Amino acid sequence: QVQLVESGGGLVQAGGSLRLSCAASGRIFSINPMGWYRQAPGSQRELVAAISSTGSTDYADSVKGRFTISRDNAKNTVYLQMNSLKPEDTGVYFCYIHQIRRTWGQGTQVTVSS
């Protein structure tokens, strides 16, 4: 079993920054792909950013140039640095890890006020 614990969400004004963290624990056998999705009210969950086991990254077009995903393999932790936040970034942010199957965190709320 793998567990994920997210932290770092909150309320911020437009133009501000937040840093999300997601720590994985449990039976982790290797360095695994990890990433972040978000879900706004009434919308489907969408990919925000992903990082592979080798460190290559992928971003949604809407966050390119503003968000940065990184990882600390020694801590089995993935981070999402979010700068220049916009009200449309508001939503619940979920991290995941893919080891044989995908495991999700419980989600952390990000609210950006205008």
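The values are calculated or read from the model by the stated rules, or taken from the named source; none is laboratory data. Remember, predicted model here, so these are calculated numbers, not experimental data. Cβ atoms come from the backbone with ideal geometry, glycine included; neighbour counts cover every protein chain shown. Calculation scope for accessible area: heavy atoms of the full protein, side chains included, ligands and nucleic acids excluded. Shrake-Rupley method; radii C 1.70, N 1.55, O 1.52, S 1.80 Å.
Of everything in segment 87-112 that is within 17 Å of Arg66 (Cα to Cα) and either part of a strand (DSSP E or B) or among the acidic types (Asp, Glu) (or both), the residue that is nearest to the chain's Cα centre (by Cα) is Tyr93. Of all residues in segment 54-87, those that are aromatic (Phe, Trp, Tyr) and over 23 Å from Gln1 (Cα atoms) total 2.
Restricting attention to segment 6-29 and to residues that are open to solvent by 50 Å² or more (accessible area, probe 1.4 Å) and within 11 Å of the chain's Cα centre (by Cα), the residue that is nearest to Gln81 (Cα to Cα) turns out to be Arg19. All told, Ala50 meets the bar of being of a type in the set (A, V, I, L, M) and out of contact with any Lys or Arg (no Cβ under 7 Å at 6 or more places or on another chain).
Please work out if Thr90 is of a type in the set (Val, Ile, Thr), more than 19 Å from Val5 (Cα to Cα) and touching a strand residue (DSSP E or B) at 6+ places or on another chain (Cβ under 7 Å). For Thr90, the condition - of a type in the set (Val, Ile, Thr), more than 19 Å from Val5 (Cα to Cα) and touching a strand residue (DSSP E or B) at 6+ places or on another chain (Cβ under 7 Å) - is met. If you go through segment 87-107 and keep only what is closer than 16 Å to Gly10 by Cα and surrounded by 15 or more Cβ atoms within 10 Å (Cβ to Cβ), you end up with Asp89, Thr90, Gly91, Val92, Tyr93, Phe94, Cys95, Gly107. Scanning segment 43-80 for residues that are assigned to a helix (DSSP H, G or I) and either touching a residue at least 40 places away in the same chain (Cβ under 8 Å) or open to solvent by 30 Å² or more (accessible area, probe 1.4 Å) (or both), we see that the one that is farthest from Val92 (Cα to Cα) is Ala74.
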